[in-house]
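A short worksheet on the structure shown next.
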Amino acid sequence: MRILDRYILREYLRTFLLGLLFFVGLVIIVRLFDKELGRLLSGNMPFTDWLRLVIYHAPERVMQAIPAASMLAPLFMVGRFSRSNELTAMKSAGISIYRIIAPMLGVTLLVSLSAIIFNDQVVSRANWTAKQLERRSRSPKDRNIFFKGQEGRFYYIQRIDMRSRTMRRLTLYELNGDELRLEVFADTVRWDDDRWTLLNGWSRHFEGGTEIEFQPFELYEIQAPVRPDLLAGSDARPSEMTYAALSQLVKYKKSVGQVTRKERVEMHHKIAYPFAAMVAVFIGAPLAIYFGQLGAASAFVITMFIQFLYWGIALATFEALGENGRLPAVVACWLPNLIFAAIGVFLLWQARRKA
């Protein structure tokens, strides 16, 4: 069995890596002609920045390709075993289909665990860097950040500069129910760890909808309502943040009563999606027994069709339901894996008799 395990692992890894290279290349080429080539031809981005943009998007393409490569590998390999009668020889020696796919599942588990770290630490950071390159190619825009704080306060900030630890044009609104009680404006804000220093502004106090006091100021200090590094980080899309940063952002948003559905969905997605590779093996191996005689072309078509069902329908639908609050985030992200894994287990059970 050790000889057989090494043989299966060698064939599986070789097919998986070739499939991964193929799908990554396919996705990169499609994206080049669909979007990224247009950026270069528009003349708004230097060639060196454009090339870096393609490189920084590459880790995300790898993550997108891992489930497809994990499905193509058993489809192609077990199908070849079937066509060359190697599968028949294994069955004659008393080796079940479960024992044949066990080495594939073991190595795919390691791939999935590695993909969790890769997705969190490499893909997220690369996506963020790519976003900064895209911004450099456009005219600079103010951030225009608006958020809800505690005790009925709302904040609007035109721009945050993390290097100088300053903010430009802050407006603070304090409500009592639906009634405006206080408005504060500052042209510039500096912050320390737990204090904001407002410079060159004014405050207006209201009672019963009528202004009762107007007071200009040159310097005014308030207790820091948020951490500016978190506030600036919220400008990033959830896919551009690590799991730790998302967790921190979710904790803060919950403390001030903000909605966190998208962030929580992305947190669970970072863990659940890499395990789609294992689900792909559960489905790919039994399908190879049913359709393996049709050859490599059929393996590719089946892979693309199932990836469309998983990625284009199940994953997109359930995660959208999670972001809309129709499903808990953990259910929305893991349910596609559970559904397809159940289908794979059923197909595997049926294929045992055919094998």
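The values are calculated or read from the model by the stated rules, or taken from the named source; none is laboratory data. Please read all numbers here as calculations on a predicted model, not as lab measurements. Positions of Cβ are backbone-derived with ideal geometry, glycine not excepted, and every protein chain shown enters the neighbour counts.
When the residues of the stretch 65-80 are filtered to those that are of a type outside the set (A, V, I, L, M, F, W, C) and modelled with pLDDT under 90, which remaining residue is farthest from the chain's Cα centre (by Cα)?
First, pick out the residues of the stretch 65-80 that are of a type outside the set (A, V, I, L, M, F, W, C): 67, 70, 74, 79-80.
Next cut, modelled with pLDDT under 90 only: 74, 79-80.
On the way: PRO74: 26, GLY79: 33, ARG80: 35 Å.
Ranking the qualifying residues of the stretch 65-80, first place goes to ARG80.
Select from the stretch 289-303 the residues that are surrounded by 24 or more Cβ atoms within 10 Å (Cβ to Cβ) and at pLDDT 80 or above and list them in ascending order.
Scanning the stretch 289-303 gives a single hit, THR303.
Given the condition in the same structural domain as ALA288 (by TED's automatic domain parsing), at pLDDT 85 or above, closer than 20 Å to PHE308 by Cβ and among the hydroxyl-bearing types (Ser, Thr, Tyr), answer yes or no: does some residue in the stretch 11-29 qualify?
No: zero hits.
Tell me whether the stretch 304-315 contains one or more residues that are of a type in the set (Ser, Thr, Tyr), modelled with pLDDT of 90 or more, in the same structural domain as ILE271 (by TED's automatic domain parsing) and within 21 Å of the chain's Cα centre (by Cα).
no
Only strands (runs of 3 or more DSSP E) wholly contained in the stretch 155-227 count here; list those with 3 or more residues that are surrounded by fewer than 13 Cβ atoms within 10 Å (Cβ to Cβ).
Here the list reads 210-223.
Within the set of pairs 6+ apart or on separate chains, which have a first residue in the stretch 131-156 that is closer than 22 Å to GLU240 by Cα, a second that is at pLDDT 75 or above and polar (S, T, N, Q), and C-beta atoms under 6 Å apart?
From residues that are closer than 22 Å to GLU240 by Cα, the pairs are ASP142/GLN158.
Mind checking which helices (runs of 4 or more DSSP H) fall wholly inside the stretch 259-345 and carry at least 3 residues that are touching a Cys at 6+ places or on another chain (Cβ under 9 Å)?
Those helices (runs of 4 or more DSSP H) span 261-272, 316-323.
Quick test of your reading of the structure: LEU20 fulfils all but one of (1) under 28 Å from LEU347 (Cα atoms); (2) surrounded by 16 or more Cβ atoms within 10 Å (Cβ to Cβ); (3) touching a residue at least 60 places away in the same chain (Cβ under 8 Å). Name the failing condition by number.
(3)
Give me a count of the residues in the stretch 312-331 that are closer than 24 Å to LEU105 by Cα and in contact (Cβ under 8 Å) with a residue 60 or more places away in the chain.
1
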